[in-house]
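The values are calculated or read from the model by the stated rules, or taken from the named source; none is laboratory data. Treat the numbers as computed from the prediction; the structure is a model and nothing was measured. Glycine gets a Cβ as well: all are built from the backbone with ideal geometry, and neighbour counts include every protein chain shown. What goes into the accessible areas is simple: the full protein's heavy atoms, side chains included, and nothing from ligands, DNA or RNA. Shrake-Rupley method; radii C 1.70, N 1.55, O 1.52, S 1.80 Å.
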Amino acid sequence: MRTAIGTVSIELMDLLGKIVYTKQFNTEKGNQLLKLDLADLPNGMYIFKMNDGTQQVAKKITKPPLIISN
């Protein structure tokens, strides 16, 4: 049986600071793969924030991801 040891909060904001997506996940010990359904969001640039209660990470992301090839 798996036991949750914490909660991770995810927020996506547009570049004007409006929250366009939010979700909470229960996590277990170790690495986690969290899947986000962003199909309803238009393509563009967003600020991705993740908070586990002790640390917060913020990154700019694009939808769809930019792929650069030579």
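Under the convention that each Lys and Arg Cβ holds +1 and each Asp and Glu Cβ holds -1, the size of the dipole of the chain around its Cα centre is about 120 debye. Straight-distance candidates among the aspartates and glutamates for linking to residue 63, with alpha-carbon spacing under 16 Å and chain neighbours fewer than 8 residues away dropped: 11, 14, 37, 40. Taking a straight line from the alpha carbon of residue 29, these lysines sit under 24 Å away, with near neighbours fewer than eight places off in the same chain left out: 49, 59. The string of couplings for the range 32-43 from the Karplus curve (6.51, -1.76, 1.60, θ = phi - 60°) is 10, 10, 10, 9, 10, 8, 10, 4, 7, 8, x, 4 Hz, one whole number per residue in order, with x for Gly and Pro. When percent of Cα pairs over 17 Å apart is calculated directly from the model, which label among (i) 49; (ii) 45; (iii) 38 fits? Derived directly from the coordinates: (i). Taking the 1.4 Å solvent-accessible surface of the chain as the whole, the part contributed by carbon and sulfur is 53%. If you take all other residues with their beta carbon under 12 Å from the beta carbon of residue 48, and give Lys and Arg +1 and Asp and Glu -1, the sum is +3. Springs between alpha-carbon pairs under 10 angstrom, Gaussian network model over the chain: which of 35, 60, 49 fluctuates most? Judging by the Gaussian network model, the answer is 35. Computed extension length for residue 18-residue 43: 7.5 nm, one decimal, from 0.36 nm per residue of separation with the Cα-Cα distance subtracted.
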